[in-house]
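One structure below.
Since every read-out is calculated from the coordinates, none of them should be taken as a lab result. Quick caveat: nothing in here was measured; it's all calculated off a predicted structure. Note that each Cβ is placed from the backbone with ideal geometry, even for glycine, and that neighbours are counted across all protein chains shown.
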Amino acid sequence: MSKNDELKKILIVDDEEDMIWSLQKNLKSERLKVVVLTASSGEEALEVLKNNTISLVVTDIKMPGISGLDLLIEIKNRYPYTSVIIMTAFPSNEYKKEAILRGSLHFIEKPFDINQLRDMIAYALKEDNLFKGTVAGVGLTDVIQIKCLSRVTSALRVKEDDKIGIIYFQDGRIIHAICKEMEGEEAFYSILNFKGGMLDSLNVSDMPGQTINKPVEALLMEWARRSDEANNQEEETELEQLAPGFGRVADQNINSGGTNQSATGTANVTEEDDMAELKDVLTEFTNIPGVNTACLVGRDGFLLDSIAISGIDTEMIGAIASSGFGASESMGRQLEKGQMSMSMIEYAGGPVMLSPIGDEAFLVIVAEKEANLGMIRLKIKKHAKQIAETAAI
Amino acid sequence: MSDGKMLDIAHISFLDMIKVMITMSGAASAKGTLIRNAISTAESIHETDYATFEDFLAAIENSTNPITQVEGKASHQGEFVFGLAACPFAPSIGNYMQVFEKLPDGYADFTAEFNKPSKVTEMYRVGEGAGVSPFCSVHQPMRSAIADKIKIGGKKIKIYQLGCKAGSGKKGFADRWIEETGVSRDIVDKTLDNHMCCYLLKIEE
């Protein structure tokens, strides 16, 4: 075996002959012992890759024929363990994001200092020394938590069919994620929703800006809550299809009394009917396990209706909640956050949720710790309009 | 603040506190807080039972009537309609205006909020157009709540707020209560010509 056979091979791809010449001449150094191969197009690069074991490809992004990004896709499909550094004279976040999603986590902007590229190549080749392969039967959340516990700085590429997402870790904290057009938390939750696929752990020489500020526990809890909510929505939709009218006790009552105004167009819904209907809707909330109190309160804090466990002074709760609700709205206005849809206060004994009902009232839901928050949110969304209409607010 | 104008800190603080409440938690919540405060005050008033309506009027004249004790002497216009010559908050408003020339920001929103139909306007038969300033949300429910503690000949009484007049002279009419009580709007209008507040006392059957 010759000495060259032991050295790692890198392939430079650029349509500018001067650039190829310069890199070929200057890349090798005492520290970086590599064999440098070259190609002046994407097509030629694929030929070189077919006939050689290449550890690293350094490619320009804009080339006639197969572009650098297309070459990257081909490399990741055919030679998944070959690292790729993208060189570009046209720095663009869109290019960068596209390249990251396609599998390259190393970029260098032209013109660059040759030492900078040497460092990057050395770093990428170190990644080449790590274990590679697949570990079956491991949950994505487990891998994420292990990465956090290990305080690593790296990226995790998750692939399910044609969907690709990348989660970035810095010193064990999740700082960024990308998935399709999404970035930050939304991308992270979207990646966690992948049903299975491949995981790649990658070293990153150029960490992106931070878009995620929550600890991993909070992120995983929020994802669990969203999943819970989505599952409940699906269940309710299925139930609705199986048994139309599910969860609309109030409607059933009105129908059975024959006073449904919208149905007959003439009959009057009496105040008593409205009150009963309102109670029925509030019962929808207290029927959720762990929810013990549901109050409908005017924005001025005067109680309009409630269902509560004994010992709760709902009149007082309404008055106090009015300040909290008003303060939350005022803060939203001050921060120009738009209309408030919900406010939740977490206590050691469980949460209290406040949600506007029409323009004149709001709902107070008092729950225990173990209550299904997703279900409460879902019920609020589902019944808010009905409550507003029934209470004429 | 112009030189030579005295500032009553109690008045100024109260008026500015309302402004801060509106900013911090919105007009609706601020309104609710002031109304609860007024009701709380009314709850501490002792119950009174006058033998006749004339005794009730006499108690106004000698200032022993609980309503008179919080708002001053109202005059009976006939047919149980009363007019109050001076708004009990006039000194506070006057002092503030003298110093700052206009009422604090947010007062118009607050007043509009008070005039909206709500559980409390329904319960105390106030607002519905009869509010001309945030102080009406203190004064009107307080008077009605005090009335809940008064009987005439063993019968409960109810107050209906019919109208009110701002310091600028602009009148506000509670058309809902005017209609419900059957009092002529002209009578309310005339009463407000030389009074700041107009209400009806109804002795329940």
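Size estimate for region B:84-184 follows the Kirkwood approach: the inverse of mean 1/r over distinct Cα pairs works out to 14.4 Å. Taken about its Cα centre, region B:1-124 carries a charge dipole of roughly 480 debye when the Cβ of each Lys and Arg holds +1 and the Cβ of each Asp and Glu holds -1. Residue by residue along A:289-299, Cβ atoms of other protein chains within 10 Å of the local Cβ number 2 on average.
If each residue's Cβ is checked for other Cβ atoms within 10 Å, how do A:TRP21, A:TRP223, B:TRP177 rank with the fewest at the top?
A:TRP21, A:TRP223, B:TRP177
Each of A:LEU199, A:LEU296 has some number of other Cβ atoms within 10 Å of its Cβ, and from fewest to most they run A:LEU199, A:LEU296. For region B:65-205, lysine pairs separated by 8 or more sequence positions, or belonging to different chains, with Cα-Cα distances below 15 Å total 9.
Taking Cα centre as origin and charging only the Cβ of basic (Lys, Arg, +1) and acidic (Asp, Glu, -1) residues, the dipole magnitude of region B:23-79 rounds to 480 debye.
In order along region A:382-393, phi translates into HN-Hα couplings of 5, 9, 3, 5, 4, 5, 4, 5, 5, 7, 6, 10 Hz, rounded to whole numbers, per the Karplus curve 6.51 cos²θ - 1.76 cosθ + 1.60 with θ = phi - 60° and x for Gly and Pro.
Counting neighbouring Cβ atoms within 10 Å and putting the fewest first, the residues B:CYS197, A:CYS179 line up as A:CYS179, B:CYS197. Its DSSP H runs of at least 4 residues, each contributing -39,500 (n - 2.57), put the calculated 222 nm mean residue ellipticity of the protein assembly as shown at -14500 deg cm²/dmol, to the nearest 500. Of the residues B:ILE9, A:ILE178, A:SER341, the one whose Cα sits farthest towards the positive end of the charge dipole of the protein assembly as shown is A:ILE178 (charges of +1 on Lys and Arg Cβ, -1 on Asp and Glu Cβ, taken about the Cα centre). Ignoring aspartates and glutamates fewer than eight residues from A:LYS8 along the same chain, the ones with Cα atoms less than 20 angstrom from its Cα are A:GLU30, A:GLU44, A:GLU47, A:ASP119, A:GLU127, A:ASP128. Positive-end ranking of B:THR48, B:PHE80, B:GLY32 along the dipole of region B:13-116, with charges on Cβ about the Cα centre, is headed by B:GLY32.
With contacts taken as Cα pairs under 8 Å and at least 6 residues apart, chain B reaches a relative contact order of 25 percent. Roughly how crowded by other chains is peptide A:313-323, in terms of the mean Cβ count from those chains within 10 Å of each of its Cβ atoms? Mean number of neighbouring Cβ atoms from other chains: 2.
Quick check: from the Cα gyration tensor, does region B:92-142 come out rounded (a/c under 1.5), prolate or oblate? Before the final figure, lay out each step's value.
Values: a/c = 3.70, a/b = 2.13, b/c = 1.74.
Prolate.
Fully extended, how many nm does the chain gain between A:TYR347 and A:SER22 (0.36 nm per residue separation, minus their Cα-Cα distance)? Working shown, then result.
Details: separation 325, 0.36 × 325 = 117.00 nm, distance 6.48 nm.
Result: 110.5 nm gained on full extension.
The charge dipole of the protein assembly as shown, taken about its Cα centre with unit charges on the Cβ atoms of Lys, Arg (+1), Asp and Glu (-1) only, comes to about 1280 debye.
Give me the Å³ per residue figure for the convex hull around the C-alpha atoms of the protein assembly as shown. It would help to have the intermediate numbers written out before the result.
Values: hull volume 153.5 nm³, N = 598.
It comes to 257 Å³ per residue, whole-number rounded.
Distant-in-sequence amide contacts of A:ASN372, defined by a placed amide H-H separation under 5 Å and a gap of 5 or more residues or a different chain, comprise nothing. Quick one: if the Förster radius is 35 Å, what FRET efficiency do A:LYS8 and A:VAL143 give, using the C-beta to C-beta distance and rounding to 0.05? With a Förster radius of 35 Å, E is 0.80.
Of the trypsin sites (Lys or Arg not before Pro) found in region A:335-380, those in coil by DSSP whose Cβ has at most 11 other Cβ atoms within 10 Å are A:LYS337, A:LYS369. Scanning residues 5 or more positions from A:VAL84 or on other chains, those with amide H under 5 Å from its amide H are A:VAL57, A:LEU105, with H placed 1.01 Å from N in the peptide plane.
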